[in-house]
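Working notes, structure below.
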Amino acid sequence: MHEELRETAKYNSVIRAIALGATSLNEIATHTMMANATVSSYLANLMELGIVEREFPVTAKPKERAKGSRGLYQLSDNFFRFWYSFVFPYRSELERGDVEGVYERHIKPVLHDFAGKPFEGLCREWMWRESAAGRLPFRARAVGRWWDRQDEIDVMAVDNASDAAIVGEGKFRNAPVDRSVLNLLRDRAARTGIGQRTYLLFSLGGFDQSLVDDAAASQSDVQLVGIDELFHE
C-alpha cells in the first residue's frame, strides 16, 4: 500500500469500510465520512491494483454497468479481506502477543461465515468450467451473483438471450443441506424474471436424503454438487 499509493490512511479507511460490509458507493462514503467523488477516485485506484472489484447483478444490462454510481464493491484479494477483518482491528492485542486469544474470540466463531464468500467464488468457477466443457444445460454467457433490494442469489448463470438461468446456492457449513434451502432458492429465483430455470446446490457438508432423492428423480431440475465434485476435473 505504501509503495503504490499516497494517503494510505484514507485508503485504509475505504478498504476497512468494505471489509465491514459497506458495499455501495454511498455506504462507503458514509462510513469513511468522505465525499462520493473522493471515494470514487480511491476505489478506481484500488480496482486498478486488483484489491477491490465492482460487481453487478449477472442480469445487468451494459447501460447499467456503465454508470459509475451503480454496482457493489468488494475486496477481490482474500488476503486483504482477512487482514482488514481480523488483523487490522485487533493489532494492539496481537502486538501484545495474544494471538491465541484473538483467534479464539474474534476469528474462530465466524471463520466458516468468512470462508463462505470465497466458497461461493469457487462455485462460480465450477460453473464456468462445466459450461466450457458442455456439461450444463446451455453455454453460459455470464456467471455471477444476482440481487435486488430484498434477495440475493449466490451463483447464477444466464444464457446468451438471458431467457434461461441456472440458479445456485453455496453452503460452506458442516451440516448437510436440506430441502428448505432448495425451497428458499426457488422463491428467490422466481423474482429474477427468468422463466426457464434449473437449480444447483453446492455444499461442504453434503445433502440430506430427501434432497438426494429429489435430484435422482427422472426429469429433476436439481443438481447437487458436493465438495469432492467441486474439485473434480
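Quick note: the coordinates plus some simple rules give every number you see, no bench work behind them. The shown structure was predicted, so the numbers you read here are calculated from the model rather than taken from an experiment. Cβ atoms come from the backbone with ideal geometry, glycine included; neighbour counts cover every protein chain shown.
Brief remarks on what is shown
- Relative contact order (%) - the range 112-231, alpha-carbon pairs under 8 angstrom, separation at least six: 21 percent
- Axis of helix 8-19 versus longest Cα principal axis of the chain: the two differ by about 30°, to the nearest ten degrees.
- DSSP beta bridges fully contained in the chain are about 50 percent antiparallel.
- Backbone HN-Hα couplings from phi across the range 145-155 [Karplus 6.51/-1.76/1.60, Hz, Gly and Pro as x]: 9, 9, 7, 9, 6, 10, 10, 9, 10, 5, 9
- Note on S180 and T38: their simple-model spin labels are 4.6 nm apart, each label 7 Å out from Cα toward Cβ.
- Multiplying the residue separation of Q150 and A190 by 0.36 nm and subtracting their alpha-carbon distance yields 13.1 nm.
- Förster radius 30 Å - calculated FRET efficiency between E7 and R70 (Cβ-Cβ, nearest 0.05): 0.70
- Sorting the segments 110-122, 91-103, 200-212 by their residues' average number of neighbouring beta-carbon atoms within 10 angstrom, most packed first, yields 200-212, 110-122, 91-103.
- Crossing angle, helix 179-189 versus the chain [Cα axis fit, 0-90 degrees, rounded to tens]: 80 degrees
- Size of electric dipole in the chain: Cβ of Lys, Arg +1 and of Asp, Glu -1, about Cα centre, debye, nearest 20: 820 debye
- Dipole in debye (nearest 20) - the range 1-83, about Cα centre, beta carbon charges: Lys, Arg +1; Asp, Glu -1: 360 debye
- In a reduced charge model with +1 at each Lys and Arg Cβ and -1 at each Asp and Glu Cβ, the range 39-152 shows a dipole moment near 720 debye about its Cα centre.
- Over all other residues within a Cβ to Cβ distance under 10 Å of D159, the charged ones net out to +1, with Lys and Arg as +1 and Asp and Glu as -1.
- Relative to the current alpha-carbon distance between V99 and L49, full extension at 0.36 nm per residue lengthens the span by 15.0 nm.
- Toward the positive end of the charge dipole of the chain, with +1 on the Cβ of Lys and Arg and -1 on the Cβ of Asp and Glu, the farthest Cα among A22, N78, M127 is that of A22.
- Folded to 0 to 90 degrees: helix 36-48 orientation relative to the chain principal axis, Cα: 70 degrees
- For the chain, the relative contact order is 13 percent, taking Cα pairs closer than 8 Å that sit 6 or more residues apart in sequence and dividing their mean separation by the residue count.
- At full extension, W128 and D113 could sit 3.0 nm farther apart than now, given 0.36 nm per residue minus the alpha carbon distance.
- Set of aspartates and glutamates with alpha-carbon distance to K171 below 12 Å, sequence-local pairs under 8 removed: D113, E120, D154
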